[in-house]
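Working notes, beginning with the structure itself.
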Amino acid sequence: MTTKVLEHLLTMNDLSAEDLKELIEEAVQMKHQQKNGVPHPHLQGKTLGMIFEKSSTRTRVSFEVGMTQLGGHALFLNSNDMQLGRGESIDDTAKVLSRYVDGIMIRTFDHQIVEEFAAGSSVPIINGLTDQHHPTQVLADLMTIYEQKGRWEGLKLAFTGDGNNNMTHSLIQGALLSGMKMSVASPEGFEPAESIWKEAVDKYGEERLQFYADPCEAVKGADVIVTDVWTSMGNEEETAERLQLFRPYQVNEELVKHARDDFMFLHCLPAHREEEVTAAVIDGPHSYVFDEAENRLHAQKALLKKLIK
């Protein structure tokens, strides 16, 4: 049986379990090297093109610093300053950029855009975020869990909030791939995309992935609790309605009592304290959100090393 070679990272489903383990072990090693001042210039002379249609703090800085630490260079490309903004096709843009750079990271809206880039590109494409998926963030999440718990197998991850967003979708794929169980709690109408849920259940079984309307049931016995903002970029006009609808799904001191005593709290940031999570939880002893944010840098360096030749 021939092992599929990783060419792009568009969703967590592009990774095998072996890919995931290799990436996280490499990321942990690179983190130790960076902390100890040990250079790791694996991509000397290489250039990463970074296309942004959505604003970013962690994505831009972590990829740019990561390429520098790897000995390479990152090139920031605002889509409005490119011919993309004047109607050049995605296919033509991908073909041209492939002649200049060694890899392309894209942070955009519709997931189809990164798929079209991958189809036209002769260099690796990395999804830095779309409305449907956020795999680079979930790599950092899984790295953080692995660092703190020493394993994934047998752990339970619970997500409460907007189930139909990029974080939930990538967490479903990544958590199950790693060996964890996962539960999701969302209000009616905000369940994860049916296609992603069905694919995961068909692959891993119903006992590994559970949905609850009640967040207390979802969090019961959880080793890891994750949430995200209730209003993602592009949904700002729904803010008032969402604040009301999602209030019962807030991660607060009462909800986390249902989790294990040594639970971890994760959030991809930016966070809105006293909305999706209380300050007592996100700033408390169970929170690893800043380790998680730092690990974007190291997990992405491992990914860049694996993809860029």
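The values are calculated or read from the model by the stated rules, or taken from the named source; none is laboratory data. Keep in mind it's a predicted model, so treat the numbers as computed, not measured. All Cβ positions, even for glycine, are placed from backbone atoms using ideal geometry, and neighbour counts span all protein chains on display.
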**Message:** If I ask for residues that are surrounded by 13 or more Cβ atoms within 10 Å (Cβ to Cβ) and either hydroxyl-bearing (Ser, Thr, Tyr) or more than 21 Å from the chain's Cα centre (by Cα) (or both), which ones from the stretch 252-274 would you list?
**Reply:** 252, 255, 256, 258, 259, 260
**Asked** residue 60 is checked against (1) more than 14 Å from residue 304 (Cβ to Cβ); (2) not in a helix (DSSP H, G or I); (3) not β-branched (Val, Ile, Thr) and fails just one. What number does that condition carry?
**Response** (2)
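For every residue, the table says whether it meets (1) farther than 23 Å from residue 291 by Cβ; (2) assigned to a loop (DSSP other than H, G, I, E, B).
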residue: 4; (1), (2): yes, yes
residue: 22; (1), (2): no, no
residue: 34; (1), (2): no, no
residue: 45; (1), (2): yes, yes
residue: 51; (1), (2): yes, no
residue: 66; (1), (2): no, no
residue: 75; (1), (2): yes, no
**Asked** Pick from 55, 98: which is over 16 Å from residue 297 (Cα atoms), part of a helix (DSSP H, G or I) and polar (S, T, N, Q)?
**Response** 98
**Request:** Please give the helices (runs of 4 or more DSSP H) falling wholly within the stretch 179-251 in which 3 or more residues are surrounded by 13 or more Cβ atoms within 10 Å (Cβ to Cβ) and either outside the structural domain of residue 281 (by TED's automatic domain parsing) or out of contact with any helix residue (DSSP H, G or I) (no Cβ under 6 Å at 6 or more places or on another chain) (or both).
**Result:** 194-204, 239-245
**Out of 31, 35, sole residue that is out of contact with any strand residue (DSSP E or B) (no Cβ under 7 Å at 6 or more places or on another chain), of a type outside the set (Phe, Trp, Tyr), within 19 Å of residue 148 (Cβ to Cβ) and surrounded by 17 or more Cβ atoms within 10 Å (Cβ to Cβ)** = 31
**Asked** Can you tell me how many residues in the stretch 121-167 are among the β-branched types (Val, Ile, Thr), part of a strand (DSSP E or B) and within 19 Å of residue 181 (Cα to Cα)?
**Response** 1
**Item:** Answer from 115, 64 - the residue that is free of Cβ contacts under 8 Å to residues at least 60 places away in the same chain, surrounded by 15 or more Cβ atoms within 10 Å (Cβ to Cβ) and of a type in the set (Asp, Glu)
**Value:** 64
**Request:** May I ask you to list pairs of residues, at least six apart or on different chains, whose Cβ atoms are under 6 Å apart, with the first in the stretch 151-175 being under 13 Å from residue 210 (Cα atoms) and the second being surrounded by fewer than 24 Cβ atoms within 10 Å (Cβ to Cβ) and of a type in the set (D, E, K, R)?
**Result:** 156/181; 156/223; 163/191
